[in-house]
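The values are calculated or read from the model by the stated rules, or taken from the named source; none is laboratory data. The structure displayed is predicted, hence computed values, not measured ones. Backbone-built Cβ (ideal geometry, glycine too); neighbour counts: all protein chains shown.
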Amino acid sequence: MIEPRILEVRTKILKKNDELARAMREEFQRLGVLVVNFVSSPGTGKTALLQETMRRLVEAKISVAAVVGDLETDNDAKRLAQSGAPVRQIMTHGMCHLEADMVQQHIADWNVGELEFLFIENVGNLVCPSSWDLGESIRVALLSVTEGEDKPLKYPNLFNTSDIAVITKMDLADVCEFDRQTALDNLFAVRPGIHVIETSAKKGTGITEWIDYLQQMRARLISE
């Protein structure tokens, strides 16, 4: 009798989250804010990619902000705040994902309507974040060359619920003997036709293409 009860409670929690996330997305879209949710395993390079992205956008006088999820510490928020943009750390204290109400609470005193981009760096986890809608416009799945090519096959739900896949740390591809074509084949097997961008935050590879993609998605958002 325990399992059905757990399932019932979880269903109610997810329904409440989805309803809030839907309302948040509608408000973000009304305001013209592109919300981007970064999901991946720990150590994939979410913070490094986001740090370089925010640095370039701020230099271009584009208004951005970010919320960062971690079990503990505000290390990543401190790194991102170096861009000069507003950043908030969400400490989940053991929870393996962010939820819509967490994001809502942490941006409550921001004038979100002044932003063009709001970035959400989710907790490093390949399972839990895929089930939780945060009101984002775009969900980005990151895959690092240091993780191997088979992550999309092992964790298909993360990738098939994402709008774009970003391969990170391409500067280490040769050292890690990363098989690029196999990785692409695996991504397309799980999510046929998914947009893929290959990047290195350290070397700057692919960052211009990535930012162009973000700009195109926001232009599409405000034209709808």
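For the range 64-75, filtering for residues that are surrounded by 19 or more Cβ atoms within 10 Å (Cβ to Cβ) and either more than 17 Å from the chain's Cα centre (by Cα) or at pLDDT 90 or above (or both) leaves 6.
Counting only residues that are outside any loop (DSSP other than H, G, I, E, B) and either touching an Asp or Glu at 6+ places or on another chain (Cβ under 7 Å) or closer than 12 Å to P152 by Cβ (or both), the range 178-189 holds 8 of them. Among the residues of the range 191-224, how many are more than 21 Å from I62 (Cβ to Cβ), surrounded by fewer than 18 Cβ atoms within 10 Å (Cβ to Cβ) and among the charged types (D, E, K, R)? Number satisfying all stated conditions: 2. Restricting attention to the range 33-63 and to residues that are more than 13 Å from the chain's Cα centre (by Cα), touching a residue at least 12 places away in the same chain (Cβ under 8 Å) and not in a helix (DSSP H, G or I), the residue that is surrounded by the fewest Cβ atoms within 10 Å (Cβ to Cβ) turns out to be G43. Out of the range 66-89, which residues are out of contact with any Leu (no Cβ under 6 Å at 6 or more places or on another chain), on the phi < 0 side of the Ramachandran plot and β-branched (V, I, T)? Of everything in the range 66-89, those that are out of contact with any Leu (no Cβ under 6 Å at 6 or more places or on another chain), on the phi < 0 side of the Ramachandran plot and β-branched (V, I, T) turn out to be V67, V68.
Restricting to the range 76-91, name every residue that is of a type outside the set (G, A, S) and buried (at least 17 other Cβ atoms within 10 Å of the Cβ). Walk me through how you get there before you give the answer.
Step one: filter the range 76-91 for residues of a type outside the set (G, A, S), giving 76, 78-80, 82, 86-91.
D76, L80, P86, V87, R88, Q89, I90, listed by residue number.
The residue of the range 100-123 that is nearest to P156 (Cα to Cα), among those that are surrounded by fewer than 21 Cβ atoms within 10 Å (Cβ to Cβ) and in contact (Cβ under 8 Å) with a residue 60 or more places away in the chain, is D101. Among all residues of the range 190-211, there is at least one that is at pLDDT 95 or above, assigned to a helix (DSSP H, G or I), under 17 Å from Q51 (Cα atoms) and acidic (D, E).
Looking at the range 76-90 only, could you name the residues that are over 19 Å from G45 (Cα atoms) and aliphatic (A, V, I, L, M)? A85 - this is the single residue of the range 76-90 that is over 19 Å from G45 (Cα atoms) and aliphatic (A, V, I, L, M).
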